[in-house]
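The values are calculated or read from the model by the stated rules, or taken from the named source; none is laboratory data. These numbers were taken from a predicted model, which means no experiment stands behind them. For neighbour counting, all protein chains shown are included, and Cβ atoms are generated from backbone atoms with ideal geometry for every residue, glycine included.
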Amino acid sequence: MGSMDVVELTNSQIFGGHSYVAPGSSQGALRNPEVLDPSCVSGQIRVVNPDGGPDATLYLMTDLEAVREAWTNFQSSAWSTPFQSFDWVRSWYLEGSSSPKSKPAIILGYEGNVLTFILPLGVEPFLGVKRLCWLAGDINDYNCPLVAPEFASRLTEKMAAEIWDGVAKVIGEVDVFHLTRQPEFIAGVRNPFMVKGIASSSCASHMLTLESDWKSLYRRLRSSRTRSRLRQKHAKLRREGKLQFRSVRSQAERDLVIDTVLRWKGEQLEASGDRNPFLSATLQRTIKNCSQVRQGTISLRIYGLYVDNRLIAGVIAFVGSQTFSLFVTAYDPRAFAQCSPGTLLLLKMLELSARAGLHSFDFLAGDEAYKRDWCDRTLVLKDSFWGVSMWGRVDARISHLTLKYKKILKANPTAMVLLRRINYFKVQAMAIFAAWIKSKRNSGSPKQSKAS
């Protein structure tokens with residue numbers, strides 16, 4: 001593909017900063033549970049290892065700030081995903097979460113005085129039952145524990161089941177475990193905590209294995225005809241004005257790009273009749289808050305493709321030591337759509353990720369056609385539902401049935417077309433109704449002011 005002006009884009013500038021995960025890191029595990037403030041420990045329980053290995057002590061923490069130090073120190077060497085970063089979860093919680101009644105129930109698991117895992121959980125009321133869910137699970141693409149690599153490699157299913165039983169006992173107010181979008185593998189190792197009530201999620205995630213030789217990788221990914229067509233689109237876009245790819249630095253511009261990209265993505269989903277998760281104010285504010293973290297525990301990056309300083313496509317992504325995770329990407333459908341700016345921006349991100357020495361490009365959860373088109377492997381996501389109380393078992397059964405029929409519906413193209421049409425007309429009707437309400441309010445304002 002032809003050249004493109006790249007503003008402030010050395011590898012260290014694009015991909016530098018704190019890594020969200022360092023699988024197999026040699027850093028030592030966090031020691032001394034005594035650093036936890038005893039007044040902040042809401043409960044603890046000892047879990048006996050049925051396999052004869054070390055027992056575990058579970059500490060229940062209901063205050064996020066009380067676990068900040070333990071969490072942030074541990075995540076630098078633990079296996080996890082960007083969605084288990086302390087800053088991400090904290091921002092989600094402070095912004096209200098999907099349920100204002102969500103109550104943190106964070107479990108710190110120790111062997112002796114060594115922290116080996118963190119379960120970022122929360123209790124949420126739902127139709128009279130108390131569900132135990134992953135914190136920020138409503139906006140996360142991946143939900144899982146933070147686990148020390150050495151512990152993950154030897155944790156057995158029996159011990160994992162005992163730990164979950166201990167979690168229910170130490171929290172004491174759980175009817176049902178409702179754990180969704182859990183990756184089957186974390187850093188290439190099977191997720192050892194998925195042992196109960198397991199079913200495949202309604203979607204998967206998709207990844208591409210990168211190679212440092214970008215030209216060779218690109219030739220393998222795309223035919224000569226496709227590469228030629230993309231070069232032509234790139235050349236046409238350059239003729240429209242000064243073409244630049246930027247890593248967005250200033251906070252004011254970051255906020256603007258975030259708002260714009262989420263709006264474009266939402267419009268795209270609504271136009272196709274798909275559900276629009278980007279209407280969530282909690283998600284929008286969480287992304288903005290985390291984009292402000294410079295040397296913190298998360299590496300959220302914002303990128304844009306510009307023509308004459310006009311944004312025409314944007315990317316919101318997490319960048320780690322080995323993986324580029326594409327969270328949201330969208331383009332302006334009203335500007336140069338015939339030049340495929342979204343594809344050109346994606347291609348640039350793939351190239352820079354490969355040249356920077358990253359191992360994987362993660363398209364995250366979702367079965368969109370473009371993800372399947374670029375990926376070379378699929379990561380299975382799992383949901384786990386199991387009840388502790390009678391009503392919890394009823395809720396778990398309903399959740400399993402709902403998931404089953406959702407997957408049946410997604411597998412039926414005719415049904416999906418009908419559902420998308422219904423969703424599209426519903427969105428249009430809501431927009432018309434909102435406009436009508438607004439016009440009524442505006443028409444009433446002069447009368448009110450005149451009367452006053």
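Any residue in the range 114-127 that's acidic (D, E): show its pairings with residues that are part of a strand (DSSP E or B) at Cβ separation under 7 Å, as long as the two are six or more apart or on different chains.
Close Cβ pairs satisfying both conditions: E124/R131; E124/C133.
Working only within the range 315-331, note down all residues that are within 16 Å of S247 (Cα to Cα) and of a type in the set (V, I, T).
V315, I316, V319, V328, T329
Do we have any residue at all in the range 83-92 that's without any contact (Cβ under 8 Å) to a residue 60 or more places away in the chain and not in a strand (DSSP E or B)? Please lay out each step first, then the result.
Step one: filter the range 83-92 for residues without any contact (Cβ under 8 Å) to a residue 60 or more places away in the chain, giving 89-90.
Checking which are not in a strand (DSSP E or B) leaves us with 89-90.
Yes, there is a match, as at least one residue in the range 83-92 is without any contact (Cβ under 8 Å) to a residue 60 or more places away in the chain and not in a strand (DSSP E or B).
Kindly provide the set of residues from the range 149-173 that are at pLDDT 95 or above and part of a loop (DSSP other than H, G, I, E, B), ordered by number.
Residues satisfying the conditions do not exist here.
Quick grid of which residues meet (1) closer than 17 Å to L344 by Cα; (2) part of a loop (DSSP other than H, G, I, E, B):
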{"site": "R249", "(1), (2)": "no, yes"}
{"site": "E253", "(1), (2)": "no, no"}
{"site": "I258", "(1), (2)": "no, no"}
{"site": "V261", "(1), (2)": "yes, no"}
{"site": "L269", "(1), (2)": "no, no"}
{"site": "G273", "(1), (2)": "no, yes"}
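Given the structure, is L58 buried (at least 17 other Cβ atoms within 10 Å of the Cβ), closer than 27 Å to P277 by Cα and in contact with a helix residue (DSSP H, G or I) (Cβ under 9 Å, 6 or more places away or on another chain)?
Values: buried (at least 17 other Cβ atoms within 10 Å of the Cβ): yes; closer than 27 Å to P277 by Cα: no; in contact with a helix residue (DSSP H, G or I) (Cβ under 9 Å, 6 or more places away or on another chain): yes.
So L58 does not fit the description; no.
Looking only at residues in the range 303-326 that are β-branched (V, I, T) and modelled with pLDDT of 95 or more, which one is surrounded by the fewest Cβ atoms within 10 Å (Cβ to Cβ)? Lay out the reasoning, then the answer.
Taking the range 303-326 and keeping what is β-branched (V, I, T), we get 307, 312, 315-316, 319, 323.
Next, from what is left, pick out any that are modelled with pLDDT of 95 or more: 307, 312, 315-316.
Working: V307: 20, I312: 25, V315: 26, I316: 24.
Only one residue fits best here, namely V307.
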